[in-house]
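Enquirer: After the structure tokens below, expect a handful of questions from me.
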Ligand SMILES: Cc1cc2nc3c(=O)[nH]c(=O)nc-3n(C[C@H](O)[C@H](O)[C@H](O)COP(=O)(O)O)c2cc1C
């Protein structure tokens with residue numbers, strides 16, 4: 001019987017353990033987690049979501065304070081179109097975050113950055129270009145394009161000296177999305193170095209509608225594999241979403257996957273960015289606590305725990321501080337939903353907004369508990385303490401469990417003293 005370690009993910013001459021830990025914004029897939037995965041020989045991800053606030057928290061920069069001060073005059077205004085990001089600050093935040101991680105990297109693995117197109121930041125093209133270019137300049141090993149079709153993203157990087165040397169990949173959820181991406185980029189003569197096919201059981205935003213339950217990762221994976229073979233395209237294909245055990249991963253590797261991308265099991269590790277109290281919420285979750293809803297202003301369904309404080313919270317839009325989801329016209333679906341409730345209840349002390357959530361603020365504060373479908377199985381991967389809480393794992397333990405386990409077994413950690 002085979003295990004994950006019997007396979008290797010090959011990028012040119014570079015051989016890796018075929019485990020990619022997916023990007024988890026905002027700073028859930030921390031630099032610490034990515035560094036540990038790289039040390040163990042796999043691929044770790046940073047996230048480039050809301051980097052100015054992430055670097056403020058980690059490296060004592062003052063980006064949010066400066067932006068808030070600049071736009072203080074606009075806080076009461078429902079029109080947020082004036083609230084623009086300073087491209088120099090985005091560049092610096094990206095540079096700080098990526099270069100510090102790359103300088104600290106040890107081991108034979110790689111560190112990629114997950115770049116979400118849906119973070120439109122009131123100037124989609126300009127801000128995306130800066131994020132991509134600075135990550136490349138800061139020495140990132142690769143970039144995974146996510147949350148969007150990214151039809152123009154390769155074009156935005158084409159003039160960067162590392163365009164052909166960095167590993168560039170795309171996340172898709174259907175063969176159709178991949179075909180469109182390849183067609184739109186044909187003239188650049190630069191194929192993706194890998195394709196992540198993300199199924200409906202993943203965490204974060206889903207590339208499906210609310211009919212997500214009708215889709216199945218293995219089926220979509222096989223469709224894409226067949227398409228790639230028919231087109232004679234030798235691009236590593238990496239399935240993601242609901243791969244919970246080493247045996248689940250091995251089944252995909254035996255079916256022709258070059259590697260697998262996993263995330264949920266790493267939300268239960270010390271190295272992830274979730275505060276310990278919230279990790280316990282993930283452990284405690286039952287199947288009924290894991291839901292897919294449409295409260296994300298991005299328009300994509302999102303999976304989260306029903307207990308997330310973000311659900312129903314009617315806070316005033318906080319775009320002067322954040323504003324990462326403002327579209328090219330300075331609009332966000334949360335602002336619209338919030339203003340509707342204010343108009344309906346002009347005298348209310350507390351506004352409740354059920355339709356949408358202020359995702360920037362709630363992700364920043366770890367109040368939107370996004371998670372994968374199998375979060376309710378996390379409790380089976382550890383020991384329960386006498387007080388009813390669960391023992392948090394190390395990333396090394398979870399990584400090695402994926403790497404070496406067989407027969408659907410999950411290795412429990414050593415019991416704490
Ligand atoms: C807490 C959490 C946050 C996530 N955030 C992002 C994100 O910001 N961008 C993204 O492309 N994918 C995100 N994902 C998806 C993962 O990168 C990954 O592809 C997927 O969850 C793998 O499935 P698994 O969690 O069942 O192992 C997130 C997943 C989780 C669990």
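Enquirer: What is the fewest-to-most order of 371, 332 by other Cβ atoms lying within 10 Å of their Cβ?
Expert: In order of increasing Cβ crowding within 10 Å: 332, 371.
Enquirer: Moving on to the next point. What is the stretch 218-312 by shape, rounded, prolate or oblate, if you read a ≥ b ≥ c off the alpha carbon gyration tensor as root eigenvalues and call it rounded for a/c under 1.5, prolate for a/b larger than b/c, and oblate otherwise?
Expert: The shape class here is prolate.
Enquirer: If the elastic network links every pair of Cα atoms under 10 Å, which of 95, 316, 265 fluctuates the most in the Gaussian network model of the chain?
Expert: Looking only at 95, 316, 265, the biggest GNM fluctuation is shown by 316.
Enquirer: What is the gain in length, in nm to one decimal, between residue 227 and residue 389 on full extension, counting 0.36 nm per residue of separation less the C-alpha to C-alpha distance?
Expert: Length gained between residue 227 and residue 389: 53.7 nm.
Enquirer: Rounded to the nearest 500 deg cm²/dmol, what is the calculated helix-only ellipticity per residue at 222 nm for the chain, with -39500 (n - 2.57) per DSSP H run of length n ≥ 4?
Expert: Per the formula, -9500 deg cm²/dmol.
Enquirer: Output the Kirkwood hydrodynamic radius of the stretch 134-286, Cα pairs only, in Å rounded to one decimal.
Expert: 16.9 Å
Enquirer: How high is the FRET efficiency between residue 187 and residue 6 when r is their beta carbon distance and R₀ equals 45 Å, given to the nearest 0.05?
Expert: Given R0 = 45 Å and the Cβ-Cβ separation, E is 0.70.
Enquirer: Normalised by the number of residues in the chain, what is the relative contact order in percent for Cα pairs under 8 Å and 6+ residues apart?
Expert: Averaging sequence separation for qualifying contacts and normalising by length gives 20 percent for the chain.
Enquirer: In whole angstrom, how far apart do the alpha carbon centroids of the stretch 197-256 and the stretch 1-68 sit?
Expert: The distance from the Cα centre of the stretch 197-256 to that of the stretch 1-68 comes to 21 Å.
Enquirer: A further question on this structure: With no solvent and one equal point scatterer per Cα, compute the Debye intensity ratio I(q)/I(0) for the chain at 0.09, 0.13, 0.14 Å⁻¹ and report its log10, rounded to two decimals.
Expert: -0.53, -1.14, -1.33
Enquirer: Of all alpha-carbon pairs in the stretch 240-281, indicate the percentage at a distance above 11 angstrom.
Expert: Taking all Cα-Cα pairs of the stretch 240-281, the fraction more than 11 Å apart is 67 percent.
Enquirer: Compute the orientation-averaged projected area for the stretch 277-318 from the convex hull of its Cα atoms and round it to one decimal in nm².
Expert: Convex hull of Cα atoms, orientation-averaged projection: 3.7 nm².
Enquirer: Under the rule a/c < 1.5 gives rounded, and otherwise a/b versus b/c splits prolate from oblate, where does the stretch 199-253 land using the Cα gyration tensor?
Expert: oblate
Enquirer: Please give, to one decimal in nm, the separation of the simple spin-label points placed at residue 417 and residue 234, each 7 Å out from Cα toward the Cβ.
Expert: Simple spin-label model gives 5.3 nm for this pair.
Enquirer: Indicate the gyration tensor shape class of the stretch 60-161 (rounded, prolate or oblate), computed on the Cα atoms with a ≥ b ≥ c the square roots of the eigenvalues: a/c under 1.5 is rounded; otherwise a/b larger than b/c is prolate and the rest oblate.
Expert: oblate
Enquirer: Please find, in a Gaussian network model of the chain (springs between Cα atoms separated by less than 10 Å), the residue of 196, 98, 342 whose mean-square fluctuation is greatest.
Expert: 342
Enquirer: Turning to a different aspect of this structure: Taking R0 as 56 Å, what FRET efficiency do you get between residue 13 and residue 78 from their Cβ-Cβ distance, rounded to the nearest 0.05?
Expert: Once rounded, the FRET efficiency stands at 0.50.
FYI, it's all coordinate maths here, none of it is from the lab. The structure presented is a predicted model; accordingly, all values stated were derived computationally and were not measured. In this analysis, Cβ positions are derived from the backbone assuming ideal geometry, glycine residues included, and neighbour counts consider all displayed protein chains.
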